[in-house]
Amino acid sequence: MTQRVVNYTYGTGNPVLPNGSIDVRDGIDNLQSLDVFMNADEDTYNQRDGDIVKTRAGAARAVGIQRVGDFTTGCTVTERNQGVLYETDGTVYVWLGALPKSVPAGSSPATTGGVGPTGWLDIGDASSYARIIDELSQPDGVDLVGGAIKQSDLVLQPVTKIASYNNANVTQAWKDSVASFGYVYFPGFTSTLATYNIAGDDPALHGATVYVDDNVNLAFDYDYYPLIGSLKIHGRCKLTFTSKGFSAYGGEVDYVRRSAVLNRSPLVASVVAFSDCTQQTVNSDTWTQGSLGSNSASAILVPLTAGVTSGLFAPIAIGETISAHLKMETGTATSLGVMLRCANGWIKLHRAPDSPGAWTYQVKQIGQPVVTGSVAIPAPSNVLNSYSAGKASIGVSLTSRQTFRLIINGVAGYLPLGSSMGDIYEVGFFADGASSGAVARVTGLCSYKTADNKAHGAAPVSLAIYGDSTAEKWLSTFDMYLPQVIDGELSCRSLSIQNFAVAGETFAQQFARLQANGPGLASIICMVAGTNEGQAGTSADAFAAQVRQFIDYCYANSRTPMLVEPWMWYSSTFIGGSGQASSNYDGVSELREAGKRVAVAAGAIYVSTTHELPAPLPEYFNSGIDPLLRDDIHQSELGYRLYAELIGSHIIEYLSRVDTSARNVPDYWKNSAVVVSIEAGSTVSKDGINVSLSVNAFTNGSAVLRLPRGCRPDRPMSFAGVFSTSGGLYGPCRVRYANGNLIVDGLTQVTSTIYIDAIW
């Protein structure tokens, strides 16, 4: 048997449903399949769903038995599709027993094995085969083959073929098509624009699947947001809104133009030297340094202290991610995780070694009891065991002096978390509840940074959109383009984008909706409102107060607020009365500016449409160039795309944001043998230090501070310092950096204050 292998165009993977696929691409594949069925000489071929089926020729050969002889003259049967004619009654028989079968001359079915399940089978007179072959050859012959797609299912049924079709109002025909086929198809059956008129907002059409050709115009009597925004349009077409006097183009969302290089800030990995790390046991407020175990090129063993927190600790720089794999080498532990050493205490995030799920959050302020967070920190996946503490790569990304992310397998489990324990200096890979003599193994300890100091590994974006008609779902709106903008940038991914915007509602009404709905799973809440306040003449101060309420609500619920400034609009009088009956287009600048000032001061994500988008001008309306506004106040398709790119870029910028402000110099960096105290206000960064040190019984050439990795010069250095005494004596001294230490000499007084202000 011969087989033809056919490669089809789309390969959508759509199931073959009882009523057929409604995807036009599957229809094209099916037409290809029909062509092979009708014309191929091979016995079988592969359909788009992967099944092997007979061609027409193969079916004919299978059904039209090949005659090899008759019982009168005798013959030999070697195949199941070979028939033998019994001339006495004109009947053809096939042999069901063992092959080959010898048929003697002058025999009959009864005398050469008999008729039965293991003998001869009567399959009718020979004339029936000619009839079968003739029927299979007809245009609808495929309908006779069991399991084959019927001829009527190979093409979309256009609305023009529906009995109720009436070009003056196709609403009923549309409804009938959806009821019969599950979709409506508007063909562009003329060389000019084919217009279909739709009257009213019929709920029966909401959410309908619509197929359109390119030269189709759907003419609605109004810009119904609930209807237009719910349609699942395949293809692109023109939509005209007769009562509003404007048109729009859209439908199936095309991909936004993007650079082929997504991650323009690739991560650079570097090894964290084990010599820069320490073994620490933490018992309440007491840190005790121990000894590290043996190490290889890839891992180090860390002896653990039974009953308390202990592990490997490494200094971490702002803008840096440090991660490793942590497991028990010997013994057991109740939990594994990461710990942050802070100026005023510590922070722990941990869970059981070998089970997935949310992580426990604990903080300890010096002198205060341990507090367990009321909200557990979700992992990137709470169901996959590969994200459990003892099986994953775990670590911390430090995005500012007091904000960080829990990183599991390179991805954040949550938005940046804030430290209530002051500046963060070290990340530890620790175990709790270790058994006696237990040892942990830390593998692959590495640092990750970008050349432009951006954070990677953001949690998947969950976005809730509130707003007015400039944000509500309509035709190819900006929320439809957002995933294309976000996905892939700096390892980000969109997980959930929910649009709650309602045309005609004010900022205050949408804020009330947000409060009623609650923040849900959204990590970022985007407000795209203020246009209706602007039209109503709401004062700038009143609008600013509304913005403040929205931001405070988001922060109170641990969500990130995002405010999109109302875009420019103009009166419909500038475009001949088309579009919307808008007002106060020239009286909104103060309102915009007031909202902006409040949002920026509060640290919200702020999107300035006026400063970051081109101006929508009435001169573009009906010019043949995309006008940015489809009417006088709402975005065109290009306007929606620009919104998506702008909003998406601000989200990416926020998620990758790093604040490199200098950290305070912690007390445990000092050489206690000579340094009595570090004065308040002493700071250090990756670029320099400004510190005041009180020393006693000082010996020139002594080290005063041990600088950790990330806060060191990249070479030996020497620079000037100043010392003073309580008696008002000032003098110069020399400061050297070598091997991680700041070393001072040139003092003439053993008790003094040393001032070091250096840049490297």
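Just one of (1) under 35 Å from the mean Cα position of the chain (by Cα); (2) more than 24 Å from residue 629 (Cβ to Cβ); (3) surrounded by 16 or more Cβ atoms within 10 Å (Cβ to Cβ) fails for residue 202. It is (3).
Is it fair to say residue 146 is modelled with pLDDT under 80, more than 24 Å from residue 246 (Cα to Cα) and assigned to a loop (DSSP other than H, G, I, E, B)? The answer is yes for residue 146.
Does residue 497 satisfy the condition of being under 23 Å from residue 558 (Cα atoms) and buried (at least 23 other Cβ atoms within 10 Å of the Cβ)? Judged against the criteria, residue 497 is not a match. The criterion of at least 3 residues that are surrounded by 15 or more Cβ atoms within 10 Å (Cβ to Cβ) and touching a residue at least 12 places away in the same chain (Cβ under 8 Å) is met by the following helices (runs of 4 or more DSSP H) wholly inside segment 514-627: 531-536, 540-556, 589-601. Restricting 107, 152, 128 to those that are out of contact with any Lys or Arg (no Cβ under 8 Å at 6 or more places or on another chain), closer than 20 Å to residue 68 by Cα and modelled with pLDDT under 90 reduces the list to 128. State whether the residues of segment 690-705 include one that is closer than 15 Å to residue 401 by Cβ and outside any loop (DSSP other than H, G, I, E, B). Yes, that holds for at least one residue. All of 706, 657, 641, 715 fail the test of being surrounded by fewer than 22 Cβ atoms within 10 Å (Cβ to Cβ), in contact with a helix residue (DSSP H, G or I) (Cβ under 6 Å, 6 or more places away or on another chain) and of a type outside the set (A, V, I, L, M, F, W, C), apart from 706. Is it the case that some residue within segment 395-404 is surrounded by fewer than 19 Cβ atoms within 10 Å (Cβ to Cβ) and modelled with pLDDT of 90 or more? No, segment 395-404 has no match at all.
Being under 14 Å from residue 760 (Cα atoms) and of a type in the set (D, E, K, R) is the filter; apply it to segment 675-696 and report the residue that is surrounded by the fewest Cβ atoms within 10 Å (Cβ to Cβ). Going through the qualifying residues, I end up with 687. Could you grab me the full set of residues in segment 660-674 that are under 19 Å from residue 741 (Cα atoms) and either buried (at least 20 other Cβ atoms within 10 Å of the Cβ) or touching a Lys or Arg at 6+ places or on another chain (Cβ under 9 Å) (or both)? 662, 663, 664, 665, 666, 668, 669, 670, 671 - these are the residues of segment 660-674 that are under 19 Å from residue 741 (Cα atoms) and either buried (at least 20 other Cβ atoms within 10 Å of the Cβ) or touching a Lys or Arg at 6+ places or on another chain (Cβ under 9 Å) (or both).
State whether one or more residues within segment 268-283 are in a loop (DSSP other than H, G, I, E, B) and modelled with pLDDT under 95. The answer is no, given that none of the residues of segment 268-283 is in a loop (DSSP other than H, G, I, E, B) and modelled with pLDDT under 95. Sort through 200, 251, 245 and tell me the only one that's under 27 Å from residue 467 (Cα atoms), touching a Cys at 6+ places or on another chain (Cβ under 6 Å) and not aromatic (Phe, Trp, Tyr). Only one candidate qualifies: 251.
Regarding residue 246, is this residue touching a Gly at 6+ places or on another chain (Cβ under 6 Å), in contact (Cβ under 8 Å) with a residue 40 or more places away in the chain and of a type in the set (Phe, Trp, Tyr)? For residue 246, the condition - touching a Gly at 6+ places or on another chain (Cβ under 6 Å), in contact (Cβ under 8 Å) with a residue 40 or more places away in the chain and of a type in the set (Phe, Trp, Tyr) - is met. Scanning segment 410-456 for residues that are in a loop (DSSP other than H, G, I, E, B) and among the charged types (D, E, K, R), we see that the one that is surrounded by the most Cβ atoms within 10 Å (Cβ to Cβ) is 423.
The values are calculated or read from the model by the stated rules, or taken from the named source; none is laboratory data. For clarity, every value in this text was computed on a predicted model and none was experimentally measured. Note that each Cβ is placed from the backbone with ideal geometry, even for glycine, and that neighbours are counted across all protein chains shown.
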